[in-house]
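Reading through the structure tokens given below for one structure.
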Amino acid sequence: MSDKFDVVVIGAGPAGYVAAIKAAQLGLNTACVEQWIDDKGKPRLGGTCLNVGCIPSKALLDSSYKYHEAKEQLSLHGISVKDPTIDVPAMIGRKDQIVNQLTTGITGLFKANGVTVIQGTGKVLAGTRVQVTDKDGNVSEVQAGNVIIAAGSLPVNIPPAPVDGEHIVDSTGALEFQAIPERLGVIGAGVIGLELGSVWGRLGAEVVVLEALDEFLPMMDAEIAKETGKILKKQGLDIRLGARVTNAEVKKGKVAVSYSTSAGEHTEVFDKLIVAVGRRPRSEELFSSDSGITLDERGFIFVNDYCETEAPHVYAVGDVVRGPMLAHKGSEEGVMVAERIAGKKAQMNYDIIPSVIYTHPEVAAVGKTEQQLKADGVPYKSGTFPFVASGRALASNEFEGMVKILAHEETDRVLGCHIVGPSAADLVQQVVIAMEFGSSTEDLAMIVFGHPTLSEAVHEAALAVDGHAIHMPNRKKRK
Ligand code: FAD
Ligand code: AMP
């Protein structure tokens, strides 16, 4: 192995592995340092997303939804399934198989693109040198023309609920339960808490979600958050807002959780407790004090809009830097940085990054919320369309929720789209594309949408912005 590379990437999650592949594709001699090892001592690629994040959580969400459908939904279609059962270890095994397939896939992609994998923990030293400590403690040094830090993030731990990996778990532990807990507590009604609560709730656990804030999903458009709250409650998720967990104790195999609300102190006893209170950047021990790299006040590596740190030729991308902790945001930053190292003028549009909660139905958003537009004093108009008025949604018995589109009052330019409903993740992407091209709602209105499709709800919401919806009475006057 050469100890000199054009680019050395630290971390092989979606930000790092994509950066490494792109850099290699652009003709740069590239290595990727990854500390995670599999049970054979080989580097485990893919990071949080592929191993213990996006992919395994979606595998369990899909399995649990199929079980729920067999139990509760199929009879509506005239299909009878007698007493469906779920084999939890088999479900977890399927998830593991998908994870293995994808992580070995990254190994194959690295080989195909000529990316060198270096097993070990990387630390950036002054002068774009990278120190690597391998699994056996051997220390070596690699010289890099450019360094891309993509060390990702870790779950936040809170002192009142210390994770023991058995009764009190973080998101990683919640992907490994071998049996359905009878009563499941979840701390945090954020994206991860709602997704994991949904998995185990659909399989029969009684799920109580304790959320310190008084508002449900405060980062979402308020109208969509309210609708989402109603739907999830109807599904049986007991979401308690204004409930701050103050203590959790394991006693005789159960977890006693204390929490305070405006009404006083409360206690609940659970079989398992998931701590899902957010993630923090993994920025400790990552660089030497003379490297020139700095952290911001929240512990993220400080970077500018081009993901350049304060040290020349050292970049940082993904969860370890500011911005939404989302896989696709990190990957696109990785591409931008690789292209800039190769001399291209790439940049990233941080205003148009979609985000999704993979509950059923899904919740998806891009751009500004109505509250943000109000707060910014932007003149806006909005159009909504409920899925109950969509023929395709009714045909598939998936008619909860709505599409909401926000546009500038004067220019008509689309400023945001918020959806709770069937296939919201894929539907919102249509508006992401439209926004990237600077579309107005009139542009969307003039496009032909196939019939019958769920995407017609996007079309109708765009039409509704100026009172032109066809398949529902318009709330506002025609313009
Ligand atoms: P990571 O994926 O965390 O990868 C960092 C890598 O760097 C790791 O492999 C780590 O071992 C390695 N590393 C760290 N330090 C060093 C070092 N010093 N030397 C060598 N290697 C090092 N996002 C979505 O967009 N969609 C989803 O549906 C979604 N679902 C999620 C579900 C769960 C349960 C969780 C926990 C997260 C989810 N996320 C989702 C978030 C997503 O996983 C992260 O945003 C994404 O993984 C960040 O990518 P990254 O490459 O920055 O970091
Ligand atoms: P997210 O950052 O989107 O993953 O969401 C994490 C959620 O956990 C936030 O909404 C926090 O308000 C919530 N949270 C953090 N600490 C506590 C606590 N002690 N009790 C209840 N909820 C908490």
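Side notes on the structure shown:
- Flag if Val186 is away from ligand 2 (no atom under 15 Å from the Cβ) and crowded, with 22+ Cβ neighbours inside 10 Å: no
- Taking the range 198-263 as the region of interest, the strands (runs of 3 or more DSSP E) fully inside it that hold 1 or more residues being among the basic types (Lys, Arg), near ligand 2 (Cβ under 10 Å from one of its atoms) and within 26 Å of Asn157 (Cβ to Cβ) are 238-240, 244-251.
- Total residues in the range 403-452, condition buried (at least 22 other Cβ atoms within 10 Å of the Cβ) and small (Gly, Ala, Ser): 5
- Checking Thr107, Thr30 one by one, the residue that is surrounded by 15 or more Cβ atoms within 10 Å (Cβ to Cβ), more than 19 Å from Val337 (Cα to Cα) and of a type in the set (Val, Ile, Thr) is Thr107 and no other.
- Of all the numbered requirements in (1) closer than 30 Å to Val142 by Cβ; (2) within 16 Å of ligand 1 (Cβ to nearest atom); (3) of a type in the set (Lys, Arg), Lys272 misses one, and that requirement is (1).
- With respect to (1) farther than 14 Å from Ser260 by Cα; (2) within 20 Å of the chain's Cα centre (by Cα); (3) aliphatic (A, V, I, L, M), the lone exception for Leu203 is condition (2).
- Selection count where residues are touching a helix residue (DSSP H, G or I) at 6+ places or on another chain (Cβ under 8 Å), crowded, with 23+ Cβ neighbours inside 10 Å and farther than 30 Å from Leu175 by Cβ, scope the range 297-319: 1
- Filtered by the rule that a residue be farther than 25 Å from Ala222 by Cβ, within 22 Å of the chain's Cα centre (by Cα) and in contact (Cβ under 8 Å) with a residue 12 or more places away in the chain, the range 414-450 gives a lone residue, Glu436.
- Check on Glu310, without any contact (Cβ under 8 Å) to a residue 60 or more places away in the chain, over 15 Å from Ala151 (Cα atoms) and more than 19 Å from the chain's Cα centre (by Cα): yes
- Filtered residues of the range 97-118 (kept if within 13 Å of Arg44 (Cα to Cα) and either out of contact with any strand residue (DSSP E or B) (no Cβ under 6 Å at 6 or more places or on another chain) or in a helix (DSSP H, G or I) (or both)): Val99, Asn100, Gln101, Leu102, Thr103, Thr104, Gly105, Ile106, Thr107, Gly108, Phe110
- Taken over the range 264-291, residues that are assigned to a strand (DSSP E or B), of a type in the set (A, V, I, L, M) and in contact with a Lys or Arg (Cβ under 8 Å, 6 or more places away or on another chain) amount to 1.
- Counted residues, the range 1-45 - those being in contact with an Asp or Glu (Cβ under 7 Å, 6 or more places away or on another chain) and part of a strand (DSSP E or B): 2
- Within the range 132-156, the set of residues being of a type outside the set (D, E, K, R) and either free of Cβ contacts under 8 Å to residues at least 24 places away in the same chain or outside any strand (DSSP E or B) (or both) comprises Thr133, Gly137, Asn138, Val139, Ala150, Ala151, Gly152, Val156.
- Test: residue in the range 278-296 that is crowded, with 17+ Cβ neighbours inside 10 Å, hydrophobic (A, V, I, L, M, F, W, C), under 24 Å from Leu175 (Cβ atoms) and under 27 Å from the mean Cα position of the chain (by Cα): no
- Filtered residue count, the range 325-353, keeping only those that are in a loop (DSSP other than H, G, I, E, B) and either away from ligand 2 (no atom under 16 Å from the Cβ) or at pLDDT below 95 (or both): 11
- Unmet criterion (only one of (1) of a type in the set (Ser, Thr, Tyr); (2) within 26 Å of Lys58 (Cα to Cα); (3) away from ligand 1 (no atom under 16 Å from the Cβ)) for Ser258: (2)
- Of all residues in the range 465-479, those being within 30 Å of the chain's Cα centre (by Cα) and either outside any loop (DSSP other than H, G, I, E, B) or surrounded by fewer than 20 Cβ atoms within 10 Å (Cβ to Cβ) (or both) number 0.
- Applying the criterion of being part of a strand (DSSP E or B) and within 20 Å of the chain's Cα centre (by Cα) to the residues of the range 183-197, the residue that is nearest to ligand 1 (Cβ to nearest atom) is Val186.
- Inter-residue pairs, beta-carbon under 9 Å, first under 12 Å from Ala407 (Cβ atoms) and without any contact (Cβ under 8 Å) to a residue 60 or more places away in the chain and in the range 365-391, second of a type outside the set (Gly, Ala, Ser) and in a helix (DSSP H, G or I), 6+ apart: Lys368/Asp376; Val378/Gln372; Pro379/Leu373; Tyr380/Glu370; Tyr380/Leu373; Tyr380/Lys374
- Any hit, the range 451-469, residues being free of Cβ contacts under 8 Å to residues at least 40 places away in the same chain and β-branched (Val, Ile, Thr): no
- Top-ranked residue of the range 110-148 - restricted to ones that are out of contact with any Ser or Thr (no Cβ under 9 Å at 6 or more places or on another chain) and acidic (Asp, Glu), ranked as surrounded by the fewest Cβ atoms within 10 Å (Cβ to Cβ): Asp136
The values are calculated or read from the model by the stated rules, or taken from the named source; none is laboratory data. Just so it is clear, the model here is predicted, and its values are computed rather than measured. As a convention, Cβ positions derive from the backbone with ideal geometry for all residues, glycine included, and neighbour counts pool all protein chains shown.
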